[in-house]
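Student: My structure is below; once you've seen it, I'll send some questions.
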Amino acid sequence: MTSDGPTPRRAVILGARSAIAQAVALRLAQQGWDLVLAARNNATLEPVAADLGLRTEQGVQLLEFDALDLDAHAELADRIRACAGEFHLAVCVFGHMGEAEAERLDTNQMVRTLTTNFTAAAVCLAHLANDFEARGEGGIIGIGSVAGDRGRQSNYPYGAAKAGLATFLQGLRNRLAPAGIHVLTVKPGFVDTPMTRGKQGMFLVAPPERVARDIVTAWEKSRDVLYTPWFWRWLLLVIRLVPERLFKRLKL
Amino acid sequence: MVTAPTPLDNHTPPLPVKEIVYGWGRHPRLAAEVHLPRDLEALRAAVQGHGGATIPRGAGRSYGDAAVAERVICGKSLTHLLAFDSDTGRLHAQGGVTLDEVIRFALPRGWFLPVTPGTKFPTLAGCLAADVHGKNHHRVGSLSAFVEHLELVLADGDLVVCSRKQHPELFWATLGGMGLTGVIYAVRLQLQPVRSAFLHNVSIRTSDLSESCRVLCDTQHEYPYSVAWIDTLRRRGRGRGQVMLGTHAEDDRLQPLHRPPRLTAPTLPLNVVLRPGLSLFNMINYRRQLRRRTTTTVHYDPYFYPLDAIDNWNRLYGPRGFLQFQFAVPFAGGEALMAAVLDRTDAAAPCALAVLKTFGDHPTGPLGFPLPGFTLALDFPRTTAIEAAVRDATDDVIAAGGRVYLAKDSVITRDQFDAMYPRLDEFRRLRQQVDPQSRFRSLQSDRLGLS
């Protein structure tokens, strides 16, 4: 087969319902990527897919995907190929932020936070990493959180799961580097999304478009760890430097 | 088998958030439960949810209390383009898409809004609910004229497609219905073909209200766009100004500007829009044009949306906000009525901006605002005196056979409203059918006895 233009590159967005995911999808499509939007109940994402296709004239496919269906992740790569063709980038965006109060009292709530943010993401990316490694091409973007850099009373289950994911991605990066497969860990600060809407104690809130722009730029520059917006890197540096003896008494 | 938690229901909408909501005039204000649905299912759930008076809201660009209620269903997240045919210029889009987004999408493809108000920030659904008009109403009518169909979520959560053929009563009542018939989820709109992002503008200087009216009337069949800026602060020569007449250029420059507003007005502790400053501004603006008639080529952004250059300009009016009074009045006796209104209001507050244009004769819904004649829009810093003067002026407008624009209103009384909109019963009957329990209500509809 011959083709005049560059070979289409295809990115899979896992958890395409989130506001960050949709902003990243738009940004990627504007840079010439075709897209597979994977989410549960994907029919409700038809307007999102139509919009991305119209604005960017890139190919956009929808894929039914349940992050919590851990047993299905082994076949995920094949399902993506069957749905849309070969893919070259996996962006894992799904996450869940519970209510701290509810998590303390309800096992199911706690498990949901831990599983969605860590176990499901790790299992899913492990399988995709195997696929990329076997092919010798591909890349992974995983979304951690600044909440994973230090445990705080207000959302430590979420933070712990995101910290676990960040460590997982770090190891994955180390493992895949010889194969030329890049792994980017993103640590967003507070982002203005439905997940965080109405939550208390938010400050320096960034729009999802800003975060998406940073993510895609960092990917193009092959950065390893991205704090977005940039100032969170320095803010977190300071927060990490506070001695635990003092930190445990703070209300952050 | 791996243990996993029970899945969350995707359609559980995020919790509504309490916010203070108000219109573009920044008054009145109300603590409201704000719903922000991101898809049709969430929108239907929000409409059916329990609670008090509910009103759809777009970008919050109506001036008064039309989009203020205890429960607000905000369309800001329903911003997806659904389909576009680049041969016919038909755009199918969700209601929360703003005019700015439509232009940025369509202009490079050779299409433009068929009608646009003086700001690009409102949503499509908001524009249709307010039946907005533009500088070309005398030629083509309001934006409603270009709607092929509406997808409306009714009070019971049902999605209904309505058009001129399908549920025509509901279709017409919704265009200008101020959100009281349901939530406009999506719309199919016919765009107009253009060959440039620029417009040729002819500006004609006028020496008083009478000449402004005459020039507007004499030129309206020659140019698709016409509007007059007038100076209302002078006792002698009140109503002098510039009549601006526009046509789309044809130079094949189709790139929209991606320039965000360079200036943002800060929140101020007091009103800084005062008579001396306004008089000076008006004088400079008037004298800037040296010849009686000048011709320029202007990009659509400064041409249609000069005020959008300053973000949040409504904050300049301070904590009490501002009030816009816009009315339409038949040509016969229209000029005398406008002169009387200007005298009356000028005694109460200085008018910061006065815009005069003509309306043509086009079909409207039962709550449609335009009628063949003149329309005058006046901005004032909000005071008790100007509220009273506007109410008195409204009586003058009624006596002259005119009406006040609901998208701008926050002060008229129920009796005045009843006297101005002759097809009100038609609207009430339809509302009785589609929303018998009066789920959709706003501060405005309560004040005007519409709900």
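The values are calculated or read from the model by the stated rules, or taken from the named source; none is laboratory data. Only a predicted model underlies this, so the values are computations on that prediction, with no experimental measurement involved. FYI the Cβ positions are ideal-geometry reconstructions off the backbone, even for glycines, and counts take in every protein chain you see.
Student: Could you list, in sequence order, the residues of region B:310-332 that are under 14 Å from B:Leu353 (Cβ atoms) and in contact with a helix residue (DSSP H, G or I) (Cβ under 7 Å, 6 or more places away or on another chain)? First the steps, then the outcome.
Tutor: Of all residues in region B:310-332, those under 14 Å from B:Leu353 (Cβ atoms) come to B:310, B:313-314, B:316-317, B:322-326.
Matches in region B:310-332: B:Trp313, B:Phe322, B:Leu323, B:Phe325.
Student: Give the number of residues within region B:94-109 that are within 12 Å of chain A (Cβ to nearest Cβ) and farther than 18 Å from B:Pro193 by Cβ.
Tutor: First, the residues of region B:94-109 that are within 12 Å of chain A (Cβ to nearest Cβ): B:94-97, B:101-102, B:104-106, B:108-109.
Narrowing further to those that are farther than 18 Å from B:Pro193 by Cβ: B:94-97, B:101.
Qualifying residue count for the region: 5.
Student: Among the residues of region A:135-150, count how many are buried (at least 17 other Cβ atoms within 10 Å of the Cβ) and either without any contact (Cβ under 8 Å) to a residue 12 or more places away in the chain or not in a loop (DSSP other than H, G, I, E, B) (or both).
Tutor: Summing the residues that are buried (at least 17 other Cβ atoms within 10 Å of the Cβ) and either without any contact (Cβ under 8 Å) to a residue 12 or more places away in the chain or not in a loop (DSSP other than H, G, I, E, B) (or both) in region A:135-150 gives 8.
Student: Could you grab me the full set of residues in region A:116-154 that are over 30 Å from A:Gly85 (Cβ atoms) and in contact with a Pro (Cβ under 9 Å, 6 or more places away or on another chain)?
Tutor: The answer is A:Ser145, A:Val146.
Student: Looking at this structure, is B:Gly401 in contact with a Pro (Cβ under 8 Å, 6 or more places away or on another chain), surrounded by fewer than 20 Cβ atoms within 10 Å (Cβ to Cβ) and either assigned to a loop (DSSP other than H, G, I, E, B) or assigned by TED's automatic domain parsing to the domain that holds B:Arg320 (or both)? Spell out the reasoning first.
Tutor: Details: in contact with a Pro (Cβ under 8 Å, 6 or more places away or on another chain): yes; surrounded by fewer than 20 Cβ atoms within 10 Å (Cβ to Cβ): yes; either assigned to a loop (DSSP other than H, G, I, E, B) or assigned by TED's automatic domain parsing to the domain that holds B:Arg320 (or both): yes.
Against the criterion (in contact with a Pro (Cβ under 8 Å, 6 or more places away or on another chain), surrounded by fewer than 20 Cβ atoms within 10 Å (Cβ to Cβ) and either assigned to a loop (DSSP other than H, G, I, E, B) or assigned by TED's automatic domain parsing to the domain that holds B:Arg320 (or both)), B:Gly401 qualifies.
Student: I've got another one for you. Please identify the pairs in which a residue from region A:61-74 that is without any contact (Cβ under 8 Å) to a residue 40 or more places away in the chain has its Cβ atom under 6 Å from the Cβ atom of a residue that is charged (D, E, K, R), counting only partners at least 6 apart or on another chain.
Tutor: Pairs found: A:Asp66/A:Arg40.
Student: Which ones in region A:215-226 are under 13 Å from the mean Cα position of the chain (by Cα) and crowded, with 19+ Cβ neighbours inside 10 Å?
Tutor: Quick first cut of region A:215-226, residues under 13 Å from the mean Cα position of the chain (by Cα) only: A:215-216, A:219, A:225-226.
Of everything in region A:215-226, those that are under 13 Å from the mean Cα position of the chain (by Cα) and crowded, with 19+ Cβ neighbours inside 10 Å turn out to be A:Ile215, A:Val216, A:Trp219, A:Leu226.
Student: Just give me the residues in region A:157-176 being hydroxyl-bearing (Ser, Thr, Tyr) and in contact (Cβ under 8 Å) with a residue 40 or more places away in the chain, in sequence order. Spell out how you get there, then give the answer.
Tutor: First pass over region A:157-176, keeping only residues hydroxyl-bearing (Ser, Thr, Tyr): A:158, A:167.
Once the filter is applied, which keeps residues that are hydroxyl-bearing (Ser, Thr, Tyr) and in contact (Cβ under 8 Å) with a residue 40 or more places away in the chain, region A:157-176 yields only A:Tyr158.
Student: Now a separate question. So which residues in region A:1-19 are aliphatic (A, V, I, L, M) and modelled with pLDDT of 95 or more, if there are any at all? Show your work before the answer.
Tutor: Taking region A:1-19 as the starting set, the residues that turn out to be aliphatic (A, V, I, L, M) are A:1, A:11-14, A:16, A:19.
Within region A:1-19, A:Ala11, A:Val12, A:Ile13, A:Leu14, A:Ala16 qualify.
One line per residue, one yes/no per condition, for (1) surrounded by fewer than 20 Cβ atoms within 10 Å (Cβ to Cβ); (2) in contact with a Cys (Cβ under 9 Å, 6 or more places away or on another chain); (3) outside any loop (DSSP other than H, G, I, E, B); (4) modelled with pLDDT of 95 or more:
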| site | (1), (2), (3), (4) |
| --- | --- |
| B:Thr294 | yes, no, yes, yes |
| B:Pro302 | yes, no, yes, no |
| B:Leu307 | yes, no, yes, no |
| B:Arg315 | yes, no, yes, yes |
| B:Gln324 | no, no, yes, yes |
| B:Leu337 | no, no, yes, yes |
| B:Arg344 | yes, no, yes, yes |
| B:Pro350 | no, no, no, yes |
| B:Ala354 | no, no, yes, yes |
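Student: Now, a different point. So how many residues does region B:216-237 have that are farther than 13 Å from B:His138 by Cβ and at pLDDT 95 or above? Talk me through it step by step, then tell me what you get.
Tutor: Just the residues of region B:216-237 that are farther than 13 Å from B:His138 by Cβ, to begin with: B:229-237.
If we keep only those that are at pLDDT 95 or above too, we end up with B:229-233.
Selection size over region B:216-237: 5.
Student: Quickly run through region B:40-93 and pick out the residues that are within 14 Å of chain A (Cβ to nearest Cβ) and in a loop (DSSP other than H, G, I, E, B).
Tutor: B:Gly75, B:Lys76, B:Ser77, B:Leu78, B:Thr79, B:His80, B:Ser86, B:Gly89
Student: Name every residue in region B:139-197 that is in a helix (DSSP H, G or I) and surrounded by fewer than 18 Cβ atoms within 10 Å (Cβ to Cβ), in order of residue number. Step through it out loud before you land on a result.
Tutor: Narrowing region B:139-197 to residues in a helix (DSSP H, G or I): B:139-140, B:143-146, B:168-174.
Across region B:139-197, the qualifying residues are B:Arg139, B:Val140, B:Ala145, B:Pro168, B:Glu169.
Student: Sticking with this structure for a sec: For region A:29-131, which strands (runs of 3 or more DSSP E) that fit wholly inside it have 2 or more residues that are at the interface with chain B (Cβ under 9 Å from one of its Cβ atoms) and either in contact with a helix residue (DSSP H, G or I) (Cβ under 6 Å, 6 or more places away or on another chain) or surrounded by 16 or more Cβ atoms within 10 Å (Cβ to Cβ) (or both)?
Tutor: Result: empty, no element qualifies.
Student: Keeping to region B:60-101, report how many residues are over 19 Å from the mean Cα position of the chain (by Cα), within 27 Å of B:Arg29 (Cα to Cα) and surrounded by fewer than 21 Cβ atoms within 10 Å (Cβ to Cβ).
Tutor: Final tally of qualifying residues: 2.
Student: Across region B:129-165, what is the number of residues that are touching a His at 6+ places or on another chain (Cβ under 7 Å), on the phi < 0 side of the Ramachandran plot and of a type outside the set (Val, Ile, Thr)?
Tutor: Here is the first cut: in region B:129-165, the ones touching a His at 6+ places or on another chain (Cβ under 7 Å) are B:141-142, B:145, B:160-163.
Okay, now just the ones that are also on the phi < 0 side of the Ramachandran plot, so B:142, B:145, B:160-163.
Checking which are of a type outside the set (Val, Ile, Thr) leaves us with B:142, B:145, B:162-163.
Selection size over region B:129-165: 4.
Student: Quick check on B:Thr364: is it touching a helix residue (DSSP H, G or I) at 6+ places or on another chain (Cβ under 6 Å) and closer than 29 Å to B:Ala129 by Cβ?
Tutor: Numbers: touching a helix residue (DSSP H, G or I) at 6+ places or on another chain (Cβ under 6 Å): no; closer than 29 Å to B:Ala129 by Cβ: yes.
Considered against the rule, which asks whether it is touching a helix residue (DSSP H, G or I) at 6+ places or on another chain (Cβ under 6 Å) and closer than 29 Å to B:Ala129 by Cβ, B:Thr364 comes out as no.
Student: Consider B:Gly49 against the criteria (1) modelled with pLDDT under 95; (2) out of contact with any Cys (no Cβ under 7 Å at 6 or more places or on another chain); (3) crowded, with 21+ Cβ neighbours inside 10 Å: it satisfies all of them except one. Which criterion is unmet?
Tutor: (3)
Student: Take the residues in region B:263-292 that are polar (S, T, N, Q) and part of a helix (DSSP H, G or I); name whichever of them is farthest from B:Phe121 (Cα to Cα). Quick ask: steps written out before the conclusion?
Tutor: Of all residues in region B:263-292, those polar (S, T, N, Q) come to B:264, B:267, B:271, B:279, B:282, B:285, B:289.
With part of a helix (DSSP H, G or I) added as a condition, the list becomes B:279, B:282, B:285.
Numbers: B:Ser279: 28, B:Asn282: 26, B:Asn285: 25 Å.
In this case the residue turns out to be B:Ser279.
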